[in-house]
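The values are calculated or read from the model by the stated rules, or taken from the named source; none is laboratory data. On a predicted model such as this, the values are computed, not experimentally measured, just so you know. Cβ placement follows ideal geometry from the backbone for every residue including glycine, while neighbour counts extend to all protein chains displayed. Ligands, DNA and RNA are stripped out before the accessible areas are found, and what is left, the full protein with its side chains, is counted by its heavy atoms. Shrake-Rupley method; radii C 1.70, N 1.55, O 1.52, S 1.80 Å.
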Amino acid sequence: MTTTTTTTAVLQYSHTVGFMANQGRGFNNPVDLALDSAGALYVLNRAGPEVGIRLPYKRITVCTAAEDYLGEFGTGGTADGEFWWPSSLAFDADDRLYVADEALNRISIFSRQGDFLGKWGTPGTAPGQLARPSCIAFDREDNLLIADSLNHRIQKFTRSGQYLAHWGEYGDAPGRFNMPWGLALDIQGNVYVSDWRNDRIQKFDAAGKFLAAFGATGNGEGRFYRPAGLAVAQQGHIIVADWGNERVQVLDREGNFVAAIRGDSTTSRWAEDYFAANPDEAAARRAASLEPEISPRPEYDAHRGYEWERSANVEKLLWGPTSIKLDAAGRIYIVDSLRHRLQIYHRPG
(Lines give C-alpha, C1' and ligand atoms only; values in the text may rest on other atoms or scores of the structure.)
Protein backbone atom coordinates (compact mmCIF):
# COMPACT_ATOMS: atom_id res chain seq x y z
CA MET A 1 0.00 0.00 0.00
CA THR A 2 1.53 3.29 -1.07
CA THR A 3 -0.56 5.80 0.86
CA THR A 4 -1.96 5.99 4.34
CA THR A 5 -5.68 6.27 4.98
CA THR A 6 -5.23 9.94 5.85
CA THR A 7 -3.39 10.75 2.63
CA THR A 8 -6.50 10.65 0.45
CA ALA A 9 -8.02 13.44 2.53
CA VAL A 10 -4.99 15.65 1.77
CA LEU A 11 -3.47 14.61 -1.58
CA GLN A 12 -4.72 12.40 -4.40
CA TYR A 13 -2.60 11.06 -7.25
CA SER A 14 -3.37 12.62 -10.63
CA HIS A 15 -0.84 11.50 -13.25
CA THR A 16 2.83 11.27 -14.19
CA VAL A 17 4.86 13.42 -16.57
CA GLY A 18 8.11 12.20 -18.09
CA PHE A 19 10.36 9.22 -18.51
CA MET A 20 14.09 8.71 -18.96
CA ALA A 21 15.53 10.44 -22.03
CA ASN A 22 18.99 11.92 -22.48
CA GLN A 23 17.71 14.76 -24.65
CA GLY A 24 14.42 15.87 -26.12
CA ARG A 25 11.12 14.80 -24.63
CA GLY A 26 12.02 13.32 -21.26
CA PHE A 27 14.20 13.85 -18.20
CA ASN A 28 17.59 12.70 -16.90
CA ASN A 29 17.83 12.78 -13.10
CA PRO A 30 15.64 15.85 -12.63
CA VAL A 31 16.27 17.61 -9.32
CA ASP A 32 13.96 20.63 -9.33
CA LEU A 33 11.29 22.45 -11.29
CA ALA A 34 9.82 25.94 -11.47
CA LEU A 35 6.63 27.32 -13.00
CA ASP A 36 6.54 30.53 -15.03
CA SER A 37 3.62 32.98 -14.94
CA ALA A 38 1.81 31.04 -17.69
CA GLY A 39 2.09 27.75 -15.79
CA ALA A 40 4.75 26.13 -17.98
CA LEU A 41 7.08 23.71 -16.17
CA TYR A 42 10.86 24.20 -16.32
CA VAL A 43 12.48 20.96 -15.18
CA LEU A 44 16.15 20.99 -14.18
CA ASN A 45 18.06 17.88 -15.32
CA ARG A 46 21.23 17.37 -13.30
CA ALA A 47 22.24 14.20 -15.19
CA GLY A 48 25.86 13.19 -14.71
CA PRO A 49 28.52 12.12 -14.24
CA GLU A 50 30.39 15.12 -15.58
CA VAL A 51 31.96 13.53 -18.66
CA GLY A 52 31.93 14.87 -22.19
CA ILE A 53 29.36 12.55 -23.71
CA ARG A 54 26.88 13.27 -20.91
CA LEU A 55 27.24 17.03 -20.68
CA PRO A 56 24.40 17.73 -23.16
CA TYR A 57 22.04 15.83 -20.84
CA LYS A 58 22.40 18.65 -18.30
CA ARG A 59 19.61 20.88 -19.46
CA ILE A 60 16.27 22.48 -18.67
CA THR A 61 13.22 20.76 -20.16
CA VAL A 62 10.13 22.90 -20.76
CA CYS A 63 6.72 21.21 -20.75
CA THR A 64 3.22 21.47 -19.29
CA ALA A 65 1.28 19.56 -16.68
CA ALA A 66 -0.81 18.21 -19.58
CA GLU A 67 2.38 16.58 -20.96
CA ASP A 68 2.95 18.94 -23.85
CA TYR A 69 6.66 19.13 -24.68
CA LEU A 70 7.72 22.73 -25.38
CA GLY A 71 11.48 22.41 -25.80
CA GLU A 72 14.74 22.54 -23.88
CA PHE A 73 17.82 24.70 -23.40
CA GLY A 74 21.20 24.60 -21.70
CA THR A 75 24.08 22.15 -21.63
CA GLY A 76 26.79 20.97 -19.29
CA GLY A 77 29.98 22.96 -18.87
CA THR A 78 31.53 25.84 -16.98
CA ALA A 79 31.09 28.68 -19.50
CA ASP A 80 28.36 31.32 -19.26
CA GLY A 81 24.92 29.73 -19.52
CA GLU A 82 26.23 26.21 -18.85
CA PHE A 83 25.69 23.88 -15.88
CA TRP A 84 27.96 21.61 -13.89
CA TRP A 85 26.05 20.59 -10.75
CA PRO A 86 22.76 22.44 -11.25
CA SER A 87 20.69 22.18 -8.11
CA SER A 88 17.69 24.52 -8.07
CA LEU A 89 15.78 27.08 -10.10
CA ALA A 90 13.20 29.82 -9.48
CA PHE A 91 11.42 32.58 -11.40
CA ASP A 92 11.44 36.21 -10.28
CA ALA A 93 8.46 38.54 -10.66
CA ASP A 94 9.51 39.42 -14.22
CA ASP A 95 9.67 35.78 -15.38
CA ARG A 96 13.44 35.63 -15.40
CA LEU A 97 14.71 32.18 -14.50
CA TYR A 98 17.49 31.86 -11.89
CA VAL A 99 19.50 28.62 -11.69
CA ALA A 100 21.81 27.66 -8.81
CA ASP A 101 24.92 25.61 -9.52
CA GLU A 102 26.56 23.87 -6.55
CA ALA A 103 29.88 23.17 -8.23
CA LEU A 104 30.31 26.59 -9.82
CA ASN A 105 28.99 28.48 -6.76
CA ARG A 106 27.01 30.82 -8.93
CA ILE A 107 23.53 31.89 -9.97
CA SER A 108 22.80 32.05 -13.71
CA ILE A 109 19.88 34.00 -15.15
CA PHE A 110 17.85 33.15 -18.27
CA SER A 111 14.83 34.40 -20.13
CA ARG A 112 11.82 32.09 -20.46
CA GLN A 113 13.08 31.28 -23.94
CA GLY A 114 16.44 30.13 -22.58
CA ASP A 115 18.52 33.18 -23.49
CA PHE A 116 21.42 33.68 -21.07
CA LEU A 117 21.05 37.05 -19.32
CA GLY A 118 23.79 37.09 -16.72
CA LYS A 119 25.35 35.48 -13.66
CA TRP A 120 26.64 36.32 -10.20
CA GLY A 121 28.21 34.60 -7.21
CA THR A 122 31.70 33.88 -5.92
CA PRO A 123 32.97 30.93 -3.85
CA GLY A 124 33.98 31.40 -0.24
CA THR A 125 32.84 31.67 3.35
CA ALA A 126 32.49 35.44 3.81
CA PRO A 127 29.04 37.03 3.84
CA GLY A 128 27.79 37.14 0.26
CA GLN A 129 30.00 34.26 -0.90
CA LEU A 130 28.71 30.76 -1.62
CA ALA A 131 29.66 27.16 -0.88
CA ARG A 132 27.38 24.66 -2.61
CA PRO A 133 24.14 26.63 -3.03
CA SER A 134 21.53 23.86 -2.95
CA CYS A 135 18.18 25.64 -3.17
CA ILE A 136 16.85 29.06 -4.13
CA ALA A 137 13.51 30.79 -3.60
CA PHE A 138 12.19 34.33 -4.00
CA ASP A 139 10.53 36.12 -1.10
CA ARG A 140 7.64 38.58 -1.26
CA GLU A 141 10.04 41.49 -1.96
CA ASP A 142 11.53 39.57 -4.90
CA ASN A 143 14.80 39.06 -3.07
CA LEU A 144 16.52 35.73 -3.58
CA LEU A 145 17.03 33.39 -0.64
CA ILE A 146 19.77 30.78 -1.00
CA ALA A 147 20.39 27.66 1.07
CA ASP A 148 24.16 28.07 1.29
CA SER A 149 24.69 24.44 2.16
CA LEU A 150 28.37 24.03 3.06
CA ASN A 151 28.38 27.41 4.81
CA HIS A 152 25.43 26.15 6.90
CA ARG A 153 23.37 29.29 6.51
CA ILE A 154 20.61 31.01 4.57
CA GLN A 155 21.62 34.09 2.59
CA LYS A 156 19.49 36.84 1.08
CA PHE A 157 20.42 38.76 -2.08
CA THR A 158 18.80 41.22 -4.44
CA ARG A 159 18.01 39.89 -7.90
CA SER A 160 21.22 41.46 -9.18
CA GLY A 161 23.30 39.62 -6.58
CA GLN A 162 23.79 42.32 -3.96
CA TYR A 163 24.23 40.72 -0.54
CA LEU A 164 21.57 41.76 2.00
CA ALA A 165 21.68 39.45 5.01
CA HIS A 166 22.23 35.94 6.30
CA TRP A 167 21.35 33.78 9.25
CA GLY A 168 22.48 30.46 10.67
CA GLU A 169 25.75 28.70 11.34
CA TYR A 170 26.95 25.14 11.80
CA GLY A 171 25.37 23.15 14.62
CA ASP A 172 22.28 21.31 15.81
CA ALA A 173 20.87 23.90 18.24
CA PRO A 174 17.66 25.71 17.21
CA GLY A 175 18.39 28.13 14.38
CA ARG A 176 21.62 26.39 13.38
CA PHE A 177 22.11 24.12 10.37
CA ASN A 178 24.01 21.11 9.15
CA MET A 179 23.95 21.38 5.35
CA PRO A 180 20.53 22.99 4.70
CA TRP A 181 18.92 21.87 1.45
CA GLY A 182 15.31 22.91 0.80
CA LEU A 183 13.67 26.35 1.07
CA ALA A 184 10.02 27.37 0.98
CA LEU A 185 7.91 30.33 2.07
CA ASP A 186 4.35 30.49 3.35
CA ILE A 187 1.84 33.22 2.53
CA GLN A 188 2.93 35.23 5.59
CA GLY A 189 6.52 35.27 4.34
CA ASN A 190 7.87 32.83 6.93
CA VAL A 191 10.78 30.71 5.70
CA TYR A 192 10.94 26.92 6.05
CA VAL A 193 14.28 25.13 5.70
CA SER A 194 15.03 21.44 5.26
CA ASP A 195 17.97 21.03 7.63
CA TRP A 196 19.41 18.05 5.75
CA ARG A 197 21.91 16.42 8.08
CA ASN A 198 19.98 17.41 11.19
CA ASP A 199 16.92 15.58 9.77
CA ARG A 200 14.44 18.30 10.62
CA ILE A 201 12.47 21.23 9.26
CA GLN A 202 13.09 24.66 10.76
CA LYS A 203 10.80 27.67 10.52
CA PHE A 204 11.93 31.33 10.61
CA ASP A 205 10.28 34.67 10.13
CA ALA A 206 11.19 36.83 7.15
CA ALA A 207 14.11 38.38 9.05
CA GLY A 208 15.58 35.03 10.02
CA LYS A 209 14.28 34.81 13.59
CA PHE A 210 13.89 31.18 14.67
CA LEU A 211 10.25 30.21 15.26
CA ALA A 212 10.01 26.41 15.41
CA ALA A 213 11.56 23.08 14.46
CA PHE A 214 9.81 19.87 13.40
CA GLY A 215 11.03 16.30 13.13
CA ALA A 216 13.92 14.09 14.18
CA THR A 217 16.03 11.35 12.65
CA GLY A 218 14.17 8.17 11.74
CA ASN A 219 11.56 6.62 9.47
CA GLY A 220 8.50 6.89 11.71
CA GLU A 221 5.65 9.31 11.21
CA GLY A 222 6.90 12.90 11.30
CA ARG A 223 10.54 11.81 11.33
CA PHE A 224 12.99 12.38 8.49
CA TYR A 225 16.12 11.00 6.95
CA ARG A 226 17.83 13.71 4.88
CA PRO A 227 14.84 15.90 3.97
CA ALA A 228 15.23 17.69 0.64
CA GLY A 229 12.85 20.11 -1.10
CA LEU A 230 9.60 21.25 0.50
CA ALA A 231 6.59 23.47 -0.10
CA VAL A 232 3.94 25.14 2.05
CA ALA A 233 0.35 25.04 0.83
CA GLN A 234 -1.96 28.01 1.28
CA GLN A 235 -3.88 26.31 4.08
CA GLY A 236 -0.62 25.72 5.92
CA HIS A 237 0.24 22.10 5.15
CA ILE A 238 4.00 21.55 4.93
CA ILE A 239 4.87 19.03 2.19
CA VAL A 240 8.38 17.58 2.47
CA ALA A 241 10.42 15.41 0.11
CA ASP A 242 11.75 12.94 2.70
CA TRP A 243 14.58 11.97 0.37
CA GLY A 244 16.36 9.38 2.52
CA ASN A 245 13.11 7.60 3.42
CA GLU A 246 11.96 7.47 -0.24
CA ARG A 247 8.67 9.23 0.48
CA VAL A 248 6.87 12.54 0.81
CA GLN A 249 5.42 13.57 4.16
CA VAL A 250 2.64 16.05 4.84
CA LEU A 251 2.62 17.98 8.13
CA ASP A 252 0.08 20.44 9.47
CA ARG A 253 1.03 24.05 10.20
CA GLU A 254 2.25 23.07 13.69
CA GLY A 255 4.46 20.34 12.29
CA ASN A 256 2.27 17.40 13.26
CA PHE A 257 2.22 14.39 10.96
CA VAL A 258 -0.77 14.21 8.61
CA ALA A 259 0.12 11.75 5.86
CA ALA A 260 2.89 9.93 4.00
CA ILE A 261 3.11 9.14 0.29
CA ARG A 262 5.26 6.35 -1.12
CA GLY A 263 4.19 6.83 -4.74
CA ASP A 264 1.36 5.88 -7.06
CA SER A 265 2.84 6.48 -10.51
CA THR A 266 1.24 5.23 -13.69
CA THR A 267 2.90 5.28 -17.12
CA SER A 268 3.18 8.75 -18.61
CA ARG A 269 1.90 9.62 -22.07
CA TRP A 270 5.47 10.16 -23.23
CA ALA A 271 6.40 6.65 -22.11
CA GLU A 272 3.30 5.17 -23.77
CA ASP A 273 4.30 6.84 -27.04
CA TYR A 274 7.78 5.36 -26.72
CA PHE A 275 6.46 1.84 -26.14
CA ALA A 276 4.08 2.19 -29.08
CA ALA A 277 7.08 2.92 -31.29
CA ASN A 278 9.19 0.13 -29.73
CA PRO A 279 6.96 -2.98 -29.54
CA ASP A 280 9.73 -5.34 -28.40
CA GLU A 281 10.40 -3.22 -25.34
CA ALA A 282 6.67 -2.88 -24.74
CA ALA A 283 6.30 -6.67 -24.80
CA ALA A 284 9.19 -7.11 -22.36
CA ARG A 285 7.59 -4.56 -20.05
CA ARG A 286 4.23 -6.35 -20.14
CA ALA A 287 5.96 -9.61 -19.25
CA ALA A 288 7.87 -8.10 -16.32
CA SER A 289 6.65 -7.77 -12.76
CA LEU A 290 6.40 -4.05 -11.98
CA GLU A 291 5.53 -4.74 -8.34
CA PRO A 292 7.80 -7.56 -7.14
CA GLU A 293 7.68 -8.59 -3.50
CA ILE A 294 10.71 -7.24 -1.64
CA SER A 295 11.25 -9.03 1.64
CA PRO A 296 12.96 -7.31 4.57
CA ARG A 297 16.39 -8.70 5.44
CA PRO A 298 18.18 -8.39 8.79
CA GLU A 299 20.79 -6.01 7.42
CA TYR A 300 18.02 -3.56 6.42
CA ASP A 301 16.67 -3.13 9.94
CA ALA A 302 19.05 -0.39 11.07
CA HIS A 303 19.02 1.89 8.02
CA ARG A 304 17.10 2.93 4.93
CA GLY A 305 18.19 0.03 2.72
CA TYR A 306 14.84 -1.77 2.67
CA GLU A 307 12.83 1.23 1.46
CA TRP A 308 15.53 2.06 -1.07
CA GLU A 309 15.37 -1.53 -2.36
CA ARG A 310 11.58 -1.33 -2.68
CA SER A 311 11.78 1.95 -4.56
CA ALA A 312 14.44 0.55 -6.90
CA ASN A 313 12.25 -2.43 -7.80
CA VAL A 314 8.62 -1.29 -7.56
CA GLU A 315 8.06 1.08 -10.44
CA LYS A 316 5.17 3.10 -9.08
CA LEU A 317 7.04 4.13 -5.93
CA LEU A 318 9.02 7.30 -5.40
CA TRP A 319 12.77 6.82 -5.73
CA GLY A 320 14.93 9.72 -4.63
CA PRO A 321 12.30 12.50 -4.35
CA THR A 322 14.17 15.80 -4.37
CA SER A 323 11.71 18.67 -4.77
CA ILE A 324 8.10 19.71 -4.18
CA LYS A 325 6.36 22.54 -6.03
CA LEU A 326 2.76 23.80 -6.05
CA ASP A 327 0.72 25.62 -8.66
CA ALA A 328 -2.33 27.87 -8.55
CA ALA A 329 -4.61 25.03 -9.69
CA GLY A 330 -3.89 23.05 -6.54
CA ARG A 331 -1.49 20.58 -8.12
CA ILE A 332 1.49 19.23 -6.18
CA TYR A 333 4.54 18.30 -8.25
CA ILE A 334 6.96 15.74 -6.82
CA VAL A 335 10.31 15.53 -8.62
CA ASP A 336 10.97 11.77 -8.69
CA SER A 337 14.66 12.02 -9.53
CA LEU A 338 15.88 8.43 -9.90
CA ARG A 339 12.83 7.47 -11.95
CA HIS A 340 13.26 10.50 -14.24
CA ARG A 341 9.69 11.77 -13.89
CA LEU A 342 7.25 14.01 -12.05
CA GLN A 343 4.49 12.49 -9.96
CA ILE A 344 1.58 14.93 -9.78
CA TYR A 345 -1.01 15.00 -7.00
CA HIS A 346 -3.86 17.36 -6.21
CA ARG A 347 -5.81 18.46 -3.20
CA PRO A 348 -9.38 17.11 -3.25
CA GLY A 349 -11.88 19.86 -4.01
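What to note about this one:
- Taking every residue in the range 326-349 that is small (Gly, Ala, Ser) and pairing it with any residue that is modelled with pLDDT of 95 or more and in a strand (DSSP E or B), at least 6 positions away or on another chain, the pairs with Cβ-Cβ distances below 9 Å are Ala328/Leu35; Ser337/Phe27; Ser337/Pro30; Ser337/Val31; Ser337/Pro321; Ser337/Thr322; Ser337/Ser323.
- Residue in the range 49-64 that is in a loop (DSSP other than H, G, I, E, B), open to solvent by 40 Å² or more (accessible area, probe 1.4 Å) and among the β-branched types (Val, Ile, Thr) present: yes
- Verdict on Pro227 being over 26 Å from Arg347 (Cβ atoms), crowded, with 18+ Cβ neighbours inside 10 Å and modelled with pLDDT of 95 or more: no
- Yes/no for Pro296 being of a type outside the set (Lys, Arg) and either closer than 19 Å to Ala34 by Cα or open to solvent by 50 Å² or more (accessible area, probe 1.4 Å) (or both): yes
- Residue that is farthest from Thr122 (Cα to Cα) [pool: residues in the range 149-167 that are among the hydrophobic types (A, V, I, L, M, F, W, C) and over 19 Å from the mean Cα position of the chain (by Cα)]: Trp167
- Checked against (1) under 21 Å from Arg46 (Cα atoms); (2) over 21 Å from the mean Cα position of the chain (by Cα), Gly124 passes all but a single condition, namely (1).
Every residue, every condition in (1) part of a loop (DSSP other than H, G, I, E, B); (2) over 22 Å from Arg331 (Cβ atoms); (3) out of contact with any helix residue (DSSP H, G or I) (no Cβ under 8 Å at 6 or more places or on another chain), yes or no:
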position	(1), (2), (3)
Ala66	yes, no, yes
Leu70	no, no, yes
Ala79	yes, yes, yes
Ser88	no, no, yes
Asp95	yes, no, yes
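- All conditions in (1) open to solvent by less than 20 Å² (accessible area, probe 1.4 Å); (2) within 21 Å of the chain's Cα centre (by Cα); (3) closer than 15 Å to Ser88 by Cβ hold for Arg132, with the sole exception of (1).
- Within the range 141-196, considering residues that are open to solvent by less than 60 Å² (accessible area, probe 1.4 Å) and in a helix (DSSP H, G or I), the one nearest to Pro86 (Cα to Cα): Ser149
- Residue count, the range 238-261 (criterion: crowded, with 19+ Cβ neighbours inside 10 Å, out of contact with any helix residue (DSSP H, G or I) (no Cβ under 8 Å at 6 or more places or on another chain) and not in a strand (DSSP E or B)): 2
- If the condition is being of a type in the set (Phe, Trp, Tyr) and at pLDDT 95 or above, then the range 275-321 contributes Phe275, Trp319.
- Search result, residues across the range 228-286 that are of a type in the set (Phe, Trp, Tyr), closer than 20 Å to Val17 by Cβ and without any contact (Cβ under 8 Å) to a residue 60 or more places away in the chain: Phe275
- Counting the residues of the range 12-37 that are open to solvent by 10 Å² or more (accessible area, probe 1.4 Å), closer than 14 Å to Ile60 by Cβ and assigned to a strand (DSSP E or B) gives 2.
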